[in-house]
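*Asks:* Quick one: this structure, given as C-alpha cells, is what I'll be asking you about.
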Amino acid sequence: MEIFEQADSRSTFFAELLLPVPIPKLFTYRVPFNLNDKIKPGLRSIVQFGDRKVLTGIIINIHETPPKEYEAKYILELLDDEPIVNTQQIKLFQWIADYYLCTAGEVMNAALPAGLKLSSESMVQVNPSFDWGTTLFEYSQKEEVLVKHLQQEPLSYSKISTLLGLKNLYSILKSLVSKEAVILYEEVKEKFKPKTEKRIRLSPDYISHEALEKVFETLAAKPKQEAVMLKYLQLAPVLQDAQTNKNGVSKKNLLGGDISESSLATLIKNSIFEEFEVVISRLESEENYALPDITLSEEQRIAQTDILKCFETHATTLLHGITGSGKTEIYIDLIKKAIDSGSQVLYLLPEIALTTQIVQRLKKVFGTTMGVYHSKFSDNERVEVWNGILNGRFKFVVGVRSSVFLPFDNLGLIIVDEEHDISYKQQEPAPRYHARDVALVLGQMHHAKVLLGSATPSVESFYLAQQNKYGFVQLHSRYGDSKLPQIILADMSSERRNKTSKGDFSRLLLKTIGETLAQQEQVIIFQNRRGYSPLVNCEDCGWVPKCVNCSVSLTYHQHRHAMVCHYCGYKELLPSSCPTCSSNRILTVGYGTEKLEEELKLHFQNATIQRMDFDTTRVKSGYENIIEQFESGATDILVGTQMVTKGLDFDRVSLVGVFNADRMMHFPDFRSYERAFQLITQVSGRAGRRDTAGKVIIQTSHTDHPILNFILNHTQEEFYQTEIADRKQHAYPPFARLIEIVVKHSDKKISYNASQELTETLRIAIPHTKILGPGEPVVAKIRNQYLMNILIKIPRDSGHLADLKSKITSSINKVLQQKEVRSARIVVDVDPV
Ligand code: ADP
Ligand code: ZN
Ligand code: ZN
C-alpha cells in the first residue's frame with residue numbers, strides 16, 4: 001500500500017484477489033486507472049471469472065508486476081470505500097486453509113455472511129443490431145412478446161419467467177440467441193439491503209419563531225394541517241433545539257392517532273415539511289436494562305483471580321467447573337474487565353438456539369452493546385453485526401462457530417464455553433474447521449487471552465492443562481447451597497429377570513417419576529434417539545426395512561405415519577404385511593423419544609408431557625416455546641434427545657432419567673467413552689439446582705461399566721486419567737493427530753479402487769506415517785454414495801506437519817488424475833470428531 005500511495009496515479013497496478021472458488025491461489029486482475037486512488041486491500045470488488053461468470057472477491061494485495069502467462073482482465077467495480085476484511089482475517093483464512101487442507105476461497109465463502117457476497121443474476125437484452133424489418137426468421141408468439149418487452153428494458157430470467165408464465169426458459173432463449181435477436185449476460189446484484197425508514201421534518205426555512213408563527217397564521221383555517229404541525233412540534237421540539245429537526249420524526253409515529261395522511265401530504269406539497277429516508281438497524285433498539293447485581297461467591301472470586309493469574313503466563317486457560325458452579329458469572333466479570341480496558345471480546349457458544357437462557361442473561365448485563373451472531377439470523381442481520389464490529393458499535397459479540405470469522409481488530413479476550421461440544425466442528429462443506437481450535441489461533445494473532453470453559457472438558461484440553469500448556473482452574477462446588485444430585489443405577493437386566501420392568505421402563509424409574517410429580521417437581525428424561533421406534537422388523541422372518549439410498553435401517557415415526565431414514569430423509573409407509581413372508585406380525589422395536597412420550601402419557605395421565613428433539617424444534621421458536629413452558633412450570637415432564645443436556649438451568653427439576661445408557665457406551669469409536677461420560681454428566685447437571693438436591697436414575701444392563709462408576713462416585717479426575725492412558729497406549733488424540741480421508745462414489749467398485757489407489761500413493765509419499773485402511777465405515781452407503789475411509793495417524797510431536805499435509809494433498813491430486821477413478825469424490829477431514 002505504501003508503494004502505491006506515493007505512486008503516480010497513472011501507474012499501472014495489479015490486484016491479487018481472493019475469489020470464492022475451490023482453487024488454491026490468488027487471481028490477478030488489472031486495476032483501471034480511475035480506481036488507482038481508491039483501491040486498497042480488504043475492499044470487495046467485482047471481476048469477471050471465466051467467460052460468463054461474475055464474482056465478488058476480496059483484494060489481498062496490490063503491485064505493479066503484470067502476470068507472465070496471460071493478460072490480466074480489468075477489475076469491473078469496487079464495492080466498498082473502506083475495507084470490510086482486515087489483514088488479520090486474511091491471515092486467519094490462509095491459516096485455516098493450510099491447516100484444514102482446503103482453499104482460502106472456501107474459507108472466505110464460509111466467513112462472509114451471504115449479504116456481503118454478491119450473486120450474479122442472469123439477464124437478457126435485445127441484440128443492438130436486431131431489427132424486425134430485416135429478419136428472415138419466424139417468431140413464435142411468445143418470442144415476439146418477449147423481444148418487444150426487451151426492447152423497453154433488459155429483463156432477468158425470473159422476470160421473464162413470470163412474464164411468459166414459463167418455468168423453463170431454455171428453449172425459447174436458445175431459439176432467440178440462435179436468431180441473434182437477444183444477448184445473455186450476467187448482472188451483479190448486491191444482496192444486502194439496508195432497512196430504511198421514512199421520516200418527516202420541517203423545511204429549514206421554517207425553523208425560526210417568526211417563520212413558524214406565520215405558518216400557524218396561514219393554517220388557522222385548516223385545523224387538520226394545524227394538528228399535524230402541533231404533533232410534529234410535540235415530537236420534535238425544534239425551537240428548543242434546532243438539531244432535533246435534522247433527525248425529524250418517523251412518518252409512522254407522526255401519522256398515529258387522528259392525524260391524516262392527506263393533510264401531511266399537502267404540507268409536504270407546500271414545502272413546509274420535507275420527507276426523507278434514513279437507514280435504520282434491524283437489530284434491537286436501545287433499551288434500558290436493569291443491571292442485576294451479582295457478587296461473586298468466595299470460590300468464584302478465587303477462581304477468577306486464578307484465571308487472571310494464569311493469563312499472566314499462559315495465553316490459554318481451561319476453566320473446569322462442575323454444572324451449576326457459576327461459570328457464566330465469572331465470564332461476565334472477565335468480559336466487563338476486558339471491555340473496560342478497551343478491547344473487543346468474543347464469547348463462543350456451540351449452538352445459540354440451545355442457549356437462549358445464557359444469551360438473555362448476557363443481554364441483561366451488556367444490553368445493546370452486545371452483538372449476537374448466529375445462523376437463525378437473517379443474512380441482513382448478520383451483515384449488520386459484521387458492520388457493527390467494523391464501525392465500533394459492538395465491542396462484544398456472542399456467537400456460534402462462524403463468529404471466529406468476524407472483522408475483529410483488537411480482541412482482548414475469547415471465551416469458548418462448553419469447549420468440549422462437537423458442534424464446534426464444521427462437517428460439511430469445507431472448511432471443516434473446529435471453532436475452538438481456530439479461536440486459539442485467532443487469540444494468538446490478537447495477543448488475546450483465551451478461556452476454555454466446561455463442566456466436562458474434552459480429553460484433549462484436559463490433558464494440555466495437565467501438561468501445563470494451558471492454565472488450569474477448577475470450581476468444585478455448586479453456587480449457593482445447591483447440592484450435587486444423587487446418582488442411582490437402575491439395573492435393567494435384573495429388573496427384566498424379575499419381571500419388574502414395564503416395557504423398557506424400570507420399576508425404579510416409574511416409581512421415582514411418580515414421587516417427583518406428587519411433590520410438584522419436574523422431571524427430565526433423556527433418550528438419544530428420535531422418532532418412535534429405531535427398528536421395525538417382521539416377527540416371523542426377521543425382515544428389517546432398510547433405506548434404499550443408505551445402508552441403514554429405517555426409524556419408525558408415528559406422527560408422520562412413516563418409516564424415515566435419518567441420513568437422507570427417505571420415507572416409506574409402514575407395511576401392513578411383510579414383503580418377504582407376508583406375515584402381518586410387523587413389530588416396532590425399541591424406544592425413540594416419540595414412543596417414550598406416548599408411554600409416559602399412559603403411565604402418568606395427569607401430567608403434562610412435552611418432547612424436545614429435532615422434530616419438535618424444527619418450527620421457528622419451537623425450541624424457545626418448549627423451554628418457556630417448562631420454565632414456567634406448565635410442563636411436568638420433558639422428554640428429549642441431547643438437546644435437553646445443553647446449558648439449561650431450571651429451578652424445579654429434581655429428577656433426571658437417562659433412559660438407555662448402554663447404547664452410548666458401546667458405540668464403536670475411540671471417543672465413545674468420552675461422549676457418554678459428557679452426555680450423562682451434563683444431563684445429570686440439570687437435576688437439583690437451587691434448593692432441592694436432585695436424583696439421577698440411569699437405566700443400564702451394565703451396572704459395572706467403568707464409565708458409570710466414575711459418574712456414580714463423582715471421580716472425574718480418574719475418568720480423565722484412565723482415558724488419557726488409554727489414548728496414549730493406542731496413539732489417539734491428544735497423542736496423535738488424525739486426518740481422515742473419505743472416498744465417495746456411486747459405483748462401489750470405483751470408490752473401492754480409488755481408496756486402494758490413494759492408500760498406495762500415500763504409503764509411498766509419507767512412508768513413515770501410520771496409515772489405516774482403506775475400510776468401510778459403519779454406515780458404508782449414504783445417499784447412494786459408497787464410502788471408504790482412510791485414517792492417517794501422525795504423532796503429536798512430529799515436526800513436519802505442514803510438509804506431510806502438502807504430500808497428502810498432492811497424493812490426492814495424483815490419484816484424481818487417473819482416468820478410472822477421477823470421478824470419485826475425496827474429502828479430507830483434519831482432526832475429525
Ligand atoms: P454453570 O454455567 O457453571 O453451570 P451457571 O453460571 O449457570 O453455572 O450458574 C448456576 C446458577 O447459579 C445460575 O442460575 C446463576 O444465576 C446462579 N449463580 C451463580 N453464581 C452466582 C452469583 N455469584 N450470584 C448469584 N447467582 C449466581
Ligand atoms: Zn416376514
Ligand atoms: Zn437414507
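The values are calculated or read from the model by the stated rules, or taken from the named source; none is laboratory data. Because the structure is a prediction, the values reported are computed rather than measured. We place every Cβ from the backbone using ideal geometry, glycine too, and count neighbours over all the protein chains shown. Only protein heavy atoms, including side chains, enter the accessible area calculation; ligands, DNA and RNA are left aside. Shrake-Rupley method; radii C 1.70, N 1.55, O 1.52, S 1.80 Å.
*Asks:* Which residue, of V523, V552, is at pLDDT below 95 and open to solvent by less than 60 Å² (accessible area, probe 1.4 Å)?
*Replies:* Among V523, V552, only V552 is at pLDDT below 95 and open to solvent by less than 60 Å² (accessible area, probe 1.4 Å).
*Asks:* Across segment 781-806, what is the total count of residues that are over 27 Å from S823 (Cα atoms) and β-branched (V, I, T)?
*Replies:* Total meeting the criteria: 1.
*Asks:* Name every residue in segment 313-338 that is open to solvent by 20 Å² or more (accessible area, probe 1.4 Å), modelled with pLDDT of 95 or more and not in a helix (DSSP H, G or I), in order of residue number.
*Replies:* If the condition is that a residue be open to solvent by 20 Å² or more (accessible area, probe 1.4 Å), modelled with pLDDT of 95 or more and not in a helix (DSSP H, G or I), then H314, A315 are the ones that fit.
*Asks:* Mind checking which residues of segment 802-822 are exposed (fewer than 15 other Cβ atoms within 10 Å of the Cβ) and aliphatic (A, V, I, L, M)?
*Replies:* A802
*Asks:* Considering only segment 605-666, give the strands (runs of 3 or more DSSP E) lying wholly within it that have at least 3 residues that are over 29 Å from the mean Cα position of the chain (by Cα).
*Replies:* 653-658
*Asks:* Just to be sure, is I59 open to solvent by less than 20 Å² (accessible area, probe 1.4 Å), touching a residue at least 24 places away in the same chain (Cβ under 8 Å) and of a type in the set (V, I, T)?
*Replies:* Judged against the criteria, I59 is a match.
*Asks:* Please indicate, with yes or no, whether at least one residue in segment 578-586 is away from ligand 3 (no atom under 13 Å from the Cβ), touching a Lys or Arg at 6+ places or on another chain (Cβ under 8 Å) and among the hydroxyl-bearing types (S, T, Y).
*Replies:* Scanning segment 578-586, I find no residue that is away from ligand 3 (no atom under 13 Å from the Cβ), touching a Lys or Arg at 6+ places or on another chain (Cβ under 8 Å) and among the hydroxyl-bearing types (S, T, Y), so the answer is no.
*Asks:* Restricting attention to segment 496-509, which residues are surrounded by fewer than 16 Cβ atoms within 10 Å (Cβ to Cβ) and closer than 22 Å to A687 by Cβ?
*Replies:* R507
*Asks:* List the pairs whose first member sits in segment 152-181 and is surrounded by 10 or more Cβ atoms within 10 Å (Cβ to Cβ) and among the small types (G, A, S), whose second member is modelled with pLDDT of 90 or more and in a helix (DSSP H, G or I), and whose Cβ atoms are under 8 Å apart, counting only residues at least 6 apart or on separate chains?
*Replies:* Qualifying pairs under 8 Å: S175/E143; A181/E143; A181/V147.
*Asks:* Keeping to segment 370-393, report how many residues are open to solvent by less than 30 Å² (accessible area, probe 1.4 Å) and under 24 Å from R618 (Cα atoms).
*Replies:* Matching residues across segment 370-393 total 3.
*Asks:* Take segment 773-801 and flag every residue that is open to solvent by 60 Å² or more (accessible area, probe 1.4 Å), at pLDDT 95 or above and more than 24 Å from Y567 (Cβ to Cβ).
*Replies:* Answer for segment 773-801, where residues must be open to solvent by 60 Å² or more (accessible area, probe 1.4 Å), at pLDDT 95 or above and more than 24 Å from Y567 (Cβ to Cβ): there is none.
*Asks:* Considering (1) in contact (Cβ under 8 Å) with a residue 40 or more places away in the chain; (2) more than 30 Å from V827 (Cβ to Cβ), say which one S45 fails and leave the rest.
*Replies:* The one condition S45 does not meet is (1).
Residues are listed down the side, and each one gets a yes or a no for (1) without any contact (Cβ under 8 Å) to a residue 24 or more places away in the chain; (2) within 16 Å of ligand 2 (Cβ to nearest atom); (3) of a type in the set (D, E):
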site: K571; (1), (2), (3): yes, no, no
site: L587; (1), (2), (3): no, yes, no
site: G590; (1), (2), (3): no, no, no
site: K595; (1), (2), (3): no, no, no
site: F604; (1), (2), (3): no, no, no
site: R611; (1), (2), (3): no, no, no
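*Asks:* Residue by residue through segment 526-549, note down the ones that are open to solvent by less than 30 Å² (accessible area, probe 1.4 Å), within 16 Å of ligand 2 (Cβ to nearest atom) and in a loop (DSSP other than H, G, I, E, B).
*Replies:* Passing the criteria: only P545.
*Asks:* Now for a different question. In the list F677, F667, F614, which residue meets the criterion of being open to solvent by 10 Å² or more (accessible area, probe 1.4 Å) and either at pLDDT 90 or above or over 26 Å from F710 (Cα atoms) (or both)?
*Replies:* Matching residue, one of F677, F667, F614: F614.
*Asks:* Do the conditions hold for S341, that is, is it within 25 Å of the chain's Cα centre (by Cα) and open to solvent by 20 Å² or more (accessible area, probe 1.4 Å)?
*Replies:* Answer is no for this residue.
*Asks:* Tell me yes or no: at least one residue of segment 479-495 is among the hydrophobic types (A, V, I, L, M, F, W, C), surrounded by fewer than 21 Cβ atoms within 10 Å (Cβ to Cβ) and within 30 Å of D651 (Cα to Cα).
*Replies:* yes
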